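What follows is a set of notes on a single structure, which appears directly below.
The values are calculated or read from the model by the stated rules, or taken from the named source; none is laboratory data. The model shown is predicted, which means the values in this text are computed figures rather than measured ones. Note: ideal-geometry Cβ built from the backbone for every residue, glycine included; neighbour counts use all protein chains shown. Keep in mind that these areas ignore ligands, DNA and RNA; they rest on the heavy atoms of the full protein, side chains included. Shrake-Rupley method; radii C 1.70, N 1.55, O 1.52, S 1.80 Å.
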Amino acid sequence: PFQDKNSLGTWEYIALGKLLDSTVYFAAYSNDERVIALKKHMIDAAIACQEPDGYIGMFAPGKRLTNLWDIHEMSYLILGMMRDYQYFGEKKSLDSAVKMMDYMITNWKNAHPWTQAKVGLDYTALQMYNATGDEKYLKFCLEERKLAVWDKPIKLIAPSTGDEDGDGIDGHHAYAYMDECRSQLELYPIQPDEKL
């Protein structure tokens, strides 16, 4: 699906980004040539799917970032690429990560509104800021994502299939809350504030 890029659906999710991120970690940990070869194959195949504008995903133009898991998938693809640079010195992986992150920032107006659609994004943007020193990633977290002031109440509701009160949060997804808390902890060393 990442080669074809023609999906029009909403609920599709492959988790290629999570697989790539964990494979990079495993390759660094094990130093096993077979795992390193697998990691290299996955990185090269993902980069080969990258559009000139930076997009790596499975959705057709006009459906990108608007589908529930596209931002989540790209966030972990970025992390995997960035980790490949950190652990293996692969500049092409960092270049790919920068292009993907820039694509999301440039096209943010199209982003799916639900909080769980963005799991991994703020953490990834902060990791990009730490890796590159580029202020635009920190600015995105602070100004566009309002990470420093995020403090949504936990809603105890029956499981649903969507955002019941229109606040962009599907109340039964605790991992979305935990992700924002983790991101605020990552922000703290950059911008110390006891509220974080």
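Structure notes:
- Selection within segment 3-45 - outside any helix (DSSP H, G or I), under 23 Å from P61 (Cα atoms) and among the charged types (D, E, K, R): D4, K5, E12
- From the list Y129, Y85, Y103, Y76, the one residue that fits, being in contact with a Lys or Arg (Cβ under 6 Å, 6 or more places away or on another chain), touching a residue at least 24 places away in the same chain (Cβ under 8 Å) and either assigned to a helix (DSSP H, G or I) or closer than 19 Å to Q184 by Cα (or both), is Y76.
- The selection criterion, being among the basic types (K, R), modelled with pLDDT of 95 or more and in a helix (DSSP H, G or I), does not hold for K109.
One line per residue, one yes/no per condition, for (1) more than 22 Å from S22 (Cβ to Cβ); (2) crowded, with 22+ Cβ neighbours inside 10 Å:
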residue	(1), (2)
L38	no, no
G62	yes, no
M82	no, yes
L94	no, no
V98	no, no
M101	no, yes
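- Whether a residue is acidic (D, E), at pLDDT 95 or above and open to solvent by 70 Å² or more (accessible area, probe 1.4 Å) was assessed, and D44 does not pass this test.
- Residue in segment 148-196 that is farthest from T124 (Cα to Cα), counting only those that are at pLDDT 75 or above, aliphatic (A, V, I, L, M) and part of a loop (DSSP other than H, G, I, E, B): L196
- Residue list for segment 22-36, filter: β-branched (V, I, T) and exposed (fewer than 15 other Cβ atoms within 10 Å of the Cβ): none
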